Amino acid sequence: MSLKDQSRSPGLLSTTALATVERAINTALRSDPASADRLAVHAGRLIAIEVTLPPMAIYGLIVEDGVELYHRSDATPDVAVKGSPMDLASLLLNWKTRPGVIGGPVDITGNRDFLQELQQIANDLQIDWGAILEPITGSELAQQLDYSARRLFGWAKQAATRLTEQLGDYVGNESGLIPSRRDVYEFGQDVDELRMDVDRLDARIQRLKTRAPSASPSSSSSPQDSGSAPH
Amino acid sequence: MNDNTRDDVADANKVTHFGYQQVPWQEKQQKVAGVFRSVAGKYDVMNDLISMGSHRILKRMTIELAGIRPGHKVLDLAGGTGDLAIKFSRLVGETGQVVLADINDAMLDVGRDRLFDAGCSHNTQVTQVNGECLPFEDNSFHCITIAFGLRNITDKDAALRSMLRVLKPGGRLLVLEFSTPTNKHLAKAYDTYSFAVWPKLGKLIVNDADSYQYLAESIRMHPDQDTLQGMMDTAGFARTEYFNMIGGIVALHRGFKF
């Protein structure tokens, strides 16, 4: 860090925003102990995230109980990534960019395995990163955040569908309150088969009826004639 | 009467301020100790209340300007309950060291427990010291911080000289302290708030209004930004500067040893 950078006054608002984001991430980690444990393995490691436009740097120090975020650090990061906000969000948080938007390059230096593990943990956390990062991303990522929100709603719709299916399975298979789709189908097949049997029986009766008048006057007819009756 | 005797008499007559009171020079230390012994158990809660949480943000800003790296040795002077020491412990890593120092044993007890609870005992030391005569070797620390503590030291010039002595060349001192608001309207509102509300909160939370009356008064008796910067220059610090925070209610002074 240059002497000029060191003399820049730390901003109260930006520091507050960073503290808010840090608290949100750590809260999310506390609700997901498995991810927190995976992250704690990297305690002491530092990731530097440099945003090109607007120029901004965030340093994330992994600690035993979560992360600590800083705007500046004199330490050498274990891994450093540099790029536009959207490209970084796409890389680190697996945000799908808006259709038609071509992502730019992200410079990565340092330990890529560490970065990959961080990406995996970030994805597994299942939290709304858009909302969490809003205090520091501001309006810069607003459109991307909107798109992410739509993805979130899409996820919610899928979740509702899954829930409906699971509820159907429960009512159908486990509770026995209503027949399953397959039971209904098989029942329908049975009904169809029965209906066709009835139709066939009806046809046979009709045929027997049509033959009956001709047979009744000649009751003395030979037994061979009756043997020709349809079965 | 020899020189030593004359000095003793002069010291005996010397007075300093304890809030708005004038007290014998030797008594301030004990009076300040009494204040912090009284509030130690709920010091952090009171800090959150009277600063409305802003002290945490100000300490974060201090950490960012501290330039701590893994392997550094850091002295958190008047570190009390260990807010900064815990953060420094994580920043200096396994190869670094943090010394949490305070003159007050009650505050150190709280700080020691918090360091243990935060899993920082492996690279921290807790020690009771007088900031005016630090018991460390010359050129020992990469960084010294004193947050909301310099105000309570009787001989601030001696303390600054002592800090300079134990800093390594290239090391830095950060002084986070209440200061003088830069806007007169803000100053008036701040005066009203601190004198009317803080003692009442002190009475309510720790059953001690006097300690928070002292806090409000001691802030007004503390040197303003430029005066403190001058004192740091006089002590021998280089490239001194300060950053006003919350309109100058708090200022962060920084100086280097070269």
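The values are calculated or read from the model by the stated rules, or taken from the named source; none is laboratory data. What you see is a predicted model; the values in this text were computed from it and never measured. Don't worry about glycine lacking a Cβ; one is built from the backbone with ideal geometry, like all the others, and counts go over all protein chains shown.
At-a-glance table
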item: Matching option when the condition is farther than 15 Å from B:GLY248 by Cα, at pLDDT 85 or above and surrounded by 15 or more Cβ atoms within 10 Å (Cβ to Cβ), among B:GLY171, B:GLY202; result: B:GLY171
item: Filtered residues of segment B:57-96 (kept if touching a helix residue (DSSP H, G or I) at 6+ places or on another chain (Cβ under 6 Å), over 13 Å from B:PHE141 (Cα atoms), within 13 Å of another protein chain (Cβ to nearest Cβ) and β-branched (Val, Ile, Thr)); result: B:ILE57, B:ILE63
item: Tally, over segment B:100-113, of residues that are within 28 Å of A:VAL67 (Cβ to Cβ) and in contact (Cβ under 8 Å) with a residue 40 or more places away in the chain; result: 1
item: Listing of helices (runs of 4 or more DSSP H) fully contained in segment B:1-107 that carry 3 or more residues being modelled with pLDDT under 90; result: B:3-13, B:27-39, B:43-50, B:54-66
item: Positions within segment A:43-71 being surrounded by 19 or more Cβ atoms within 10 Å (Cβ to Cβ) and either part of a helix (DSSP H, G or I) or of a type outside the set (A, V, I, L, M, F, W, C) (or both), in sequence order; result: A:ARG45, A:TYR59, A:GLY60, A:GLY66, A:GLU68, A:TYR70, A:HIS71
item: Condition met for B:ASP102 (within 14 Å of another protein chain (Cβ to nearest Cβ) and either surrounded by 18 or more Cβ atoms within 10 Å (Cβ to Cβ) or under 30 Å from A:ASP78 (Cα atoms) (or both)); result: no
item: Matching residues in segment B:174-199 - criterion: being in a helix (DSSP H, G or I), surrounded by 15 or more Cβ atoms within 10 Å (Cβ to Cβ) and among the polar types (S, T, N, Q); result: B:SER194
item: Test: residue in segment B:143-157 that is in a helix (DSSP H, G or I) and either more than 18 Å from B:ASP233 (Cα to Cα) or within 14 Å of chain A (Cβ to nearest Cβ) (or both); result: yes
item: In segment B:105-142, the residues that are within 14 Å of chain A (Cβ to nearest Cβ) and acidic (Asp, Glu); result: B:ASP117
item: Cross-chain or 6+ apart pairs with Cβ under 7 Å, segment A:60-71 first and more than 7 Å from chain B (Cβ to nearest Cβ), then assigned to a loop (DSSP other than H, G, I, E, B); result: A:ILE62/A:HIS42; A:ILE62/A:ALA43; A:ILE62/A:GLY44; A:ILE62/A:ARG45
